[in-house]
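Data block below; observations after.
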Amino acid sequence: MASRSDDVTAVDPRPETATTHHSRIAPRGKHTLPGRIRTFFAPGHILIILTVGAALIAALLKSPCRIRGWGAPEVYFGGCYSDWTGLWTSRGFASDPWAPFRAESAFEYPILIAVVASLIAWLAHGLTRVSDILGIDAGANLVFYDLNFLAIVALWIVTVLLVAKLAGIRYWDAIMVAVAPGIIFAGFINWDMWAVVFMVAAMWAFSKHRYVWAGVLIGLGTAVKVFPLFLLGAILVLAIRTARYYPLLVTAAGAAVAWLLVNLPMMLLNPGAWGVFYEFSSDRPPGWSSIWHAYATATDTEIPGQLLSSMAFWSFVILCAIIAVIGLTTKHRPRLAQLMFLIVAAFILVNKVYSPQFVLWLIPLLVLALPNWRDFLIFSAVELLHFWAIWAYLAGPISEYDVQHQLDEKLYLLAVAGHVVVLIYLMLRVVMDMYDPNQDRVRNSLRHADAELLPHDDPSGAEFDGAPDRFVLRKRSKHPAAARTSLD
């Protein structure tokens, strides 16, 4: 994935571990030598081909609904539910592509999703009119779905390539994102991939010391979904630890300005429509598959929306404080991707809602923080169980089928519990790598790198890469040089 100017090579570590038959990084072949690629089979091309192949599988899996429509309960039995088709009629896109910006708007999403949805709806209406003139019967709702599908595939490809660049010498780890079952099954439910690509792009810009652009991308991502904002929390921990606050201040300023520029026009001209998302988020009851909904379902209790918002918020604050303490007590400074994964995972763990598409938030971060196929496959298997369990749970009340012919409520609760257990397991695995960086596969790979152009600490750390500690919540070693010997 390196450019032609970065003519770097790496030593294949397998001779050093020949007796274990284990390699930390893949050996370089004639088609993967950075700066000397003269063939179609470059890593980036292979990753794109794999992503397109996975997208074709996703299209095939969604075909039952695309052919027969998105009626219930068939949409649940087919596992091909999509918010796009439901919102097309329920939020007014069928008659007005700019419905989210009207005074009577009921579109419960942040501003950039409204922009994306309206632009695609406008394009869908235009293509439908053209098809009518040509005598082709193409429903506008179906065109709207197809355009959104193609947009997500394009964003998926961009995400894969950015993850490969962030992974540095371990660029083949991006294969996990390219073929992720979570994206294949749940990537085409909603617009979450837009926020994912903004988040990963912000991490890439930050790694290149482009802090203003990183902030702009964080601000734009936050105008889609809230989780890209958490990158500032990860940067904050590293800034405190190294006493290097310039990257944090510039990135935060860029994020604030970008978010305001996108939101301010709607806030001033149509505050009612702009506030729908925030009112809905504040008042909504426990959402599907959250720990709060699972608790309410299992105990047959009800948690009011305002109280639930307070409980979820303070639970997240406590978990963030714990993550900050961990980040300031480890012997060696944690990597940015590790902190970011922990923060996003903590948010998902205690959030009011866990929709199936939220798995997209975690996949790139998991690959960057814990590049381990075993853990990735465990995570994917449990998330697939949850994917099907929630549709079976929703199909139950409206299908009128006998209980013995369906996945019952107990399996749904078991799937939610499995999701929670695996998420906690992955968080603990990342924390273990933070406290024992010699077990961190990313740093182990960098130890075998034989080039000054490659980082020795954190490929995405920017100014924090290799920076000495200035503030930690533990007793620092009197011989810092000796303490770094095992890593550098």
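The values are calculated or read from the model by the stated rules, or taken from the named source; none is laboratory data. Given the structure is predicted, the values throughout are model-derived calculations rather than measurements. Positions of Cβ are generated from backbone atoms using ideal geometry, with glycine treated the same way; all protein chains shown enter the neighbour counts. The protein model used for the area step is the full one, side chains on, heavy atoms only, and it has no ligands, DNA or RNA in it. Shrake-Rupley method; radii C 1.70, N 1.55, O 1.52, S 1.80 Å.
Give me the residue from segment 100-145 that is free of Cβ contacts under 8 Å to residues at least 60 places away in the same chain, part of a helix (DSSP H, G or I) and within 21 Å of Lys62 (Cα to Cα) and, out of that set, most open to solvent (accessible area, probe 1.4 Å).
So the residue we want is Asn141.
Quick grid of which residues meet (1) surrounded by fewer than 19 Cβ atoms within 10 Å (Cβ to Cβ); (2) of a type in the set (Gly, Ala, Ser):
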{"site": "Ser315", "(1), (2)": "yes, yes"}
{"site": "Leu319", "(1), (2)": "yes, no"}
{"site": "Val344", "(1), (2)": "no, no"}
{"site": "Phe358", "(1), (2)": "no, no"}
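What residue, of Ile25, Ile37, is surrounded by 15 or more Cβ atoms within 10 Å (Cβ to Cβ), in contact with a Pro (Cβ under 7 Å, 6 or more places away or on another chain) and modelled with pLDDT under 90?
Only one candidate passes the filter, namely Ile25.
Could you please let me know if Pro334 is more than 27 Å from Cys65 (Cα to Cα), open to solvent by less than 50 Å² (accessible area, probe 1.4 Å), out of contact with any strand residue (DSSP E or B) (no Cβ under 7 Å at 6 or more places or on another chain) and not in a loop (DSSP other than H, G, I, E, B)?
Judged against the criteria, Pro334 is not a match.
For segment 155-173: of the residues being over 15 Å from the mean Cα position of the chain (by Cα) and at negative phi, which is most open to solvent (accessible area, probe 1.4 Å)?
Out of the qualifying residues, it is Lys165.
Looking only at segment 291-304, filter to residues that are surrounded by 16 or more Cβ atoms within 10 Å (Cβ to Cβ) and not hydrophobic (A, V, I, L, M, F, W, C); which one of those is modelled with the highest pLDDT?
His293
Quick check, is Asn270 more than 24 Å from Leu365 (Cβ to Cβ), out of contact with any Ser or Thr (no Cβ under 9 Å at 6 or more places or on another chain) and not basic (Lys, Arg)?
The answer is no for Asn270.
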